[in-house]
1. Which entries in the list Lys94/Lys286; Lys118/Lys140; Lys115/Lys140 go over 18 Å, if you measure between the two C-alpha atoms of each?
2. Give the long-range amide H neighbours of Leu262: residues separated by 5 or more places, or on another chain, with amide H under 5 Å away, using H modelled in the peptide plane at 1.01 Å from N.
3. If amide hydrogens are placed 1.01 Å from N in the peptide plane, which non-local residues have theirs closer than 5 Å to the one on Ile514?
4. Can you tell me what percent of all Cα-Cα pairs in region 1-124 are more than 22 Å apart?
5. Assuming a strict under-13 Å limit between Cα atoms, what lysine pair count do you get for region 461-530 once near-sequence pairs (fewer than 8 apart, same chain) are dropped?
6. So what are the ³J(HN,Hα) numbers for region 6-12, from phi and the Karplus equation (6.51, -1.76, 1.60; θ = phi - 60°), rounded to whole Hz, Gly and Pro as x?
7. For region 283-291, what does the Karplus curve 6.51 cos²θ - 1.76 cosθ + 1.60, with θ = phi - 60°, yield as ³J(HN,Hα) per residue in whole Hz, taken in order and with x for Gly and Pro?
8. In whole Hz, with x marking every Gly and Pro, tabulate ³J(HN,Hα) for region 85-92 from phi via Karplus 6.51 cos²θ - 1.76 cosθ + 1.60, θ = phi - 60°.
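The values are calculated or read from the model by the stated rules, or taken from the named source; none is laboratory data. Remember, predicted model here, so these are calculated numbers, not experimental data. Cβ coordinates were reconstructed from backbone atoms using ideal geometry, including for glycine residues, and neighbour counts include every protein chain displayed. Ligands, DNA and RNA are excluded from the accessible area calculation, which covers all protein heavy atoms including side chains. Shrake-Rupley method; radii C 1.70, N 1.55, O 1.52, S 1.80 Å.
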Amino acid sequence: MFTTLNLSPELQKAIAQVGYTEMTQIQAQAIPVILEGRDVIGRSSTGTGKTAAFGIPAIESISEENEYRPQVLVLCPTRELAIQVWEEMKKFAKFKRLAHFALVYGGQSMDLQIKQLKKANIVIGTPGRMLDHIRRKTLKLSQLNMVILDEADEMLNMGFYEDITAILEQTPDERQTLLFSATMPPEIMKITEEFQKNPQLIAVDKGQKTINTITQYYYEVPQGRKTETIAALLSLYQPAKSVIFCNTKKMVDQLTEQLLELGIDAIGLHGDMRQQARNQTMQQFKLGRTNILVATDVAARGIDVDNIEAVFNFDIPAEYEYYIHRIGRTGRAGKTGYSFTLANTRRQIHQIQDIARYIKAPIKKMPLPSGAEITRQKREQFFTRLHKILAEDNLAEESHLYEQIKTAGILEERLPLALLHLLGEENQMFAALLHSPNSERMAETPENPKVHLQVNIGRRDKIVAKFIVSAIAEGAGIPGKQIGKIDIYPDYTNIELLYNDAKLVLEKMEHTTIKDKPVIFSLLTTATEAEPENKPAHSKTSRNRNHTNNRYNHHNSYNNDRSRSQEQKRQRKSPLITPEPITTLHKNKPTVAKPYAAKKHNAAPTHNRKNKRKHPSPSPALKNS
């Protein structure tokens, strides 16, 4: 219990007001050691109360002798985490008259920070801005007695090693250094050897890198159906608050927009946003004005929000430590939480299995919930809410609406049926999100004929059929066996697909790249466009052509090579295709702007006897022989 600690009455009063009674493991083991003045290495999973573990003794260490000089320095990897630590420590210092804070990070007014630093004895911020103030001599560390590195592993991952060492070199030799981290890479051990004196290692996770209050699942989902899967899982589990992680800022914006289009209230957070916008976003999420946050790893560092019940990994993180920090947003303070990771290739499934071995905790594969399961779950949730509303008996406002319905002539016995019908429509919408379209797409029918897509990438881009197949399989979720003939020309490629599959490609792959080149898919309207008179040199169906006994081809190789070279020169001068915008699809008949000059400039000609030229005469030397 906190009351057993040798703390000042002011600090004990603030801790009680915050509502803390029992200490977590890291707090119980670290606080007494820090109060003794010893250096500490604290290894503990994210969400176990590390901020209080170093914040409480740091506040207690403030002396009146240097009241207006920096005595405690707290380094954080991101501005969000710095703000979080600042808010938490200010709660503990509420009744400590001597504690004065300064918060310094990039994107905030330098003048405001300088004003705070003139009186601050506890300085919290990011390494880059701290170093700026040290060089400006607006932050003087001569009276410093404690340095705290929070989330040290993340600071090293972000490339702050040089900044950290530069700051530590400016501090007095006689200081207390505390280092807290969820993981202990070699770089951290190097810092401890250089800047700490006989530190005591406090490890409360016993090698486990995630806490056991988090249940971890993963789903195998095509890339093109990830958004719908997230939407359906949100509907099924209905977490009070949730965070969805993406690997890129662009994906954060795209996913946020797609969820809003599905009627799901979500808000995005990433590093390209102005600091004021980021602060407003976090404030909305904390206050519950929106319950779904879509974020990148860096922007989400330091998110310490109550009641985050689920974390979704829309993309698998590049680093194992990122996974640990991501799912650490839930299952905090002894509460349970869930993490859901989406994988769409065998390689990604192997990555998840590697992560499970690394964190020494199971990540269970789960089947996607069926439409019937979603409907059943939604009905149960509906009746639970209904019983709760009836028990509370707080329906005064609804009574006025009920009177309006009666006045409108709606029969009372039909009203419950209408409400249940509306509930059924909502259930069907979410069930449809996870309904597999394969059975409808696979059959060739008059309404679902074979069509040809064209993409503006070809042999000159060193493209082969497997790149096209893997891009479509990953981007649109269409199995490779459903992709038909692929004809690769110098500057473009034609792909045979069923109409419904082609429509899916156009919808899901509007902004995509193949071999790092942005590409545009368009739908061809006629078979003539799809199969020009001169066939391509390479295609999915003609890679193993039989050239046995092809004496004519051997005899005319000189003429054909010369013809091919001339054709390629003409193509370089006049592009084969000017890609058209993605087309609009109608119910049964696709329409598309016809590719420019598709017939005029064809690919390299095949060996055609009608175009046979006269073979050159043998040289004089051969005649005489």
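1. Working: Lys94/Lys286 21 Å; Lys118/Lys140 10 Å; Lys115/Lys140 14 Å.
Going by Cα-Cα distance, Lys94/Lys286 fall outside the 18 Å limit.
2. Under 5 Å from the amide H of Leu262 lies no amide H from a residue far enough along the sequence or on another chain.
3. Correct list: Val519.
4. Percent of Cα pairs beyond 22 Å in region 1-124: 34.
5. Numbers: Lys462/Lys515; Lys462/Lys517; Lys466/Lys481; Lys466/Lys485; Lys466/Lys515.
Within region 461-530, the lysine pair count is 5.
6. Result, rounded to whole Hz: 7, 10, 5, x, 4, 6, 4.
7. Using θ = phi - 60°, the values come out as 5, 4, 5, 5, 7, x, 5, 9, 10 Hz.
8. 5, 4, 4, 5, 5, 5, 5, 5
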